[in-house]
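K.L.:
Can you read through this structure? Questions will come right after.
The values are calculated or read from the model by the stated rules, or taken from the named source; none is laboratory data. No experiment lies behind these values; they were computed from the predicted model shown. Cβ placement follows ideal geometry from the backbone for every residue including glycine, while neighbour counts extend to all protein chains displayed.
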Amino acid sequence: MIRFVNVNKWFKQLHVLKNVSLEIAQGEVVVVCGPSGSGKSTLIRTVNQLEPISDGEIWVIDQNVADHRTDINALRADVGFVFQHFNLYPHLSVLDNITLAPIKVRKQSREAAEQKAVQLLERVGLAHKKDAFPSQLSGGQQQRVAIARGLAMEPKIMLFDEPTSALDPEMIGEVLQVMKDLALSGITMMVVTHEMGFAREVAHRVVFLDHGEVLEQATPAEFFSAPKTDRAKQFLKQIL
Ligand code: ADP
Ligand code: MG
């Protein structure tokens, strides 16, 4: 579903992604971790060209993201993205936040989009909040709405960039639970997170990034019990 081939990225002189090669298969859940500033956000944002790459190739569902002939808007419709900050539209109700893109981009009827939105809200446990505005919700609830909004486009891939790191501790669990349920549904997921419990439980693979380099790729069992590099050992010591 996603294939990085020798991807490099520079911000001016700063080499932030160094020869990254990585493949994510259909239905796979891959957790990307690594120290702050190691390039995790940059990496995940290249998948739908929120960050253009400097060289190499990224293939997403058989399309070369960097090829100017690729329809990036169509590709983005297949790739849901949930950020650290929920980025809901503050002036729209929960329901309207979720139905906006399906109506505008997927050309669904309002009725069909709303029906689907209510189903998704049930799935994330927030059907009773459909008429609320984002400011009336807790951070955890807003993030669950953001996930429902991503799913409304029926994406083939979901990307998450530290979806729980801006949340108060008591809300982290509810968001992780929604993500766990999602992982079991078979969708392809790439998740930047420091929640190692999530990684242990649901990731098929953990990728450890350091200074823009993929230093390790392993199953969670291997990565947590026997990290190969000193950098990974040190990182795990700090966060576990
Ligand atoms: P992480 O998500 O792992 O914390 P980032 O991908 O955000 O790391 O950042 C990787 C490196 O790139 C950092 O050194 C950061 O300061 C730098 N960086 C990120 N975005 C930009 C930008 N838009 N312009 C210049 N440098 C950036
Ligand atoms: Mg980041």
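K.L.:
For the range 1-31, enumerate the residues that are within 19 Å of Ile157 (Cα to Cα), touching a residue at least 60 places away in the same chain (Cβ under 8 Å) and not β-branched (Val, Ile, Thr).
P.N.:
Residues satisfying the conditions are Met1, Ser21, Leu22, Ala25, Gln26, Gly27, Glu28.
Here's the yes/no breakdown for (1) β-branched (Val, Ile, Thr); (2) within 16 Å of ligand 1 (Cβ to nearest atom):
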{"site": "Val105", "(1), (2)": "yes, no"}
{"site": "Ala127", "(1), (2)": "no, no"}
{"site": "Pro134", "(1), (2)": "no, no"}
{"site": "Glu170", "(1), (2)": "no, no"}
{"site": "Glu174", "(1), (2)": "no, no"}
{"site": "Val191", "(1), (2)": "yes, yes"}
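K.L.:
For residues that are closer than 22 Å to Val16 by Cβ and polar (S, T, N, Q), scanning just the range 48-92, find the one that is surrounded by the most Cβ atoms within 10 Å (Cβ to Cβ).
P.N.:
Asn48
K.L.:
Looking at the range 31-74 only, could you name the residues that are more than 16 Å from ligand 2 (Cβ to nearest atom), of a type in the set (A, V, I, L, M) and in a strand (DSSP E or B)?
P.N.:
Hits for the range 31-74 are Ile58, Val60.
K.L.:
For the range 1-13, which residues satisfy the criterion of being more than 16 Å from the chain's Cα centre (by Cα) and basic (Lys, Arg)?
P.N.:
Those that are more than 16 Å from the chain's Cα centre (by Cα) and basic (Lys, Arg): Lys9, Lys12.
K.L.:
Continuing with this model, one more query. When the residues of the range 14-27 are filtered to those that are surrounded by fewer than 19 Cβ atoms within 10 Å (Cβ to Cβ) and under 17 Å from the mean Cα position of the chain (by Cα), which remaining residue is nearest to ligand 2 (Cβ to nearest atom)?
P.N.:
Top of the filtered list is Glu23.
K.L.:
Every residue in the range 176-197 that is within 16 Å of ligand 2 (Cβ to nearest atom) and either small (Gly, Ala, Ser) or touching a residue at least 60 places away in the same chain (Cβ under 8 Å) (or both), please.
P.N.:
Result: Met190, Val191, Val192, Thr193, His194.
K.L.:
Restrict the check to the range 67-76 and report whether at least one residue is in contact with a helix residue (DSSP H, G or I) (Cβ under 9 Å, 6 or more places away or on another chain) and not β-branched (Val, Ile, Thr).
P.N.:
No, the conditions are met nowhere in the range 67-76.
K.L.:
Quick check on my filter: what residues within the range 28-56 are over 15 Å from the mean Cα position of the chain (by Cα) and closer than 14 Å to Val207 by Cβ?
P.N.:
Correct list: Gly34, Pro35, Ser38.
K.L.:
Right, Glu114: surrounded by 14 or more Cβ atoms within 10 Å (Cβ to Cβ), in contact with a His (Cβ under 9 Å, 6 or more places away or on another chain) and at pLDDT 95 or above or not?
P.N.:
no
K.L.:
Pull out all pairs, ordered by first then second residue, where Cβ-Cβ is under 6 Å, the residues are six or more apart or on different chains, the first lies in the range 32-54 and is at positive phi, and the second is within 12 Å of ligand 2 (Cβ to nearest atom).
P.N.:
As it stands, the answer is Gly34/Lys40; Gly34/Leu209; Gly39/Val16; Gly39/Leu209, since those pairs meet every condition given.
K.L.:
So in the range 116-153, with the set limited to residues that are touching a residue at least 40 places away in the same chain (Cβ under 8 Å) and of a type in the set (S, T, N, Q), which one is farthest from Ile103 (Cα to Cα)?
P.N.:
In this case the residue turns out to be Ser135.
K.L.:
Please pick out the residue among His85, His91 that is closer than 29 Å to Lys130 by Cα and within 16 Å of ligand 2 (Cβ to nearest atom).
P.N.:
Exactly one residue qualifies, and that residue is His85.
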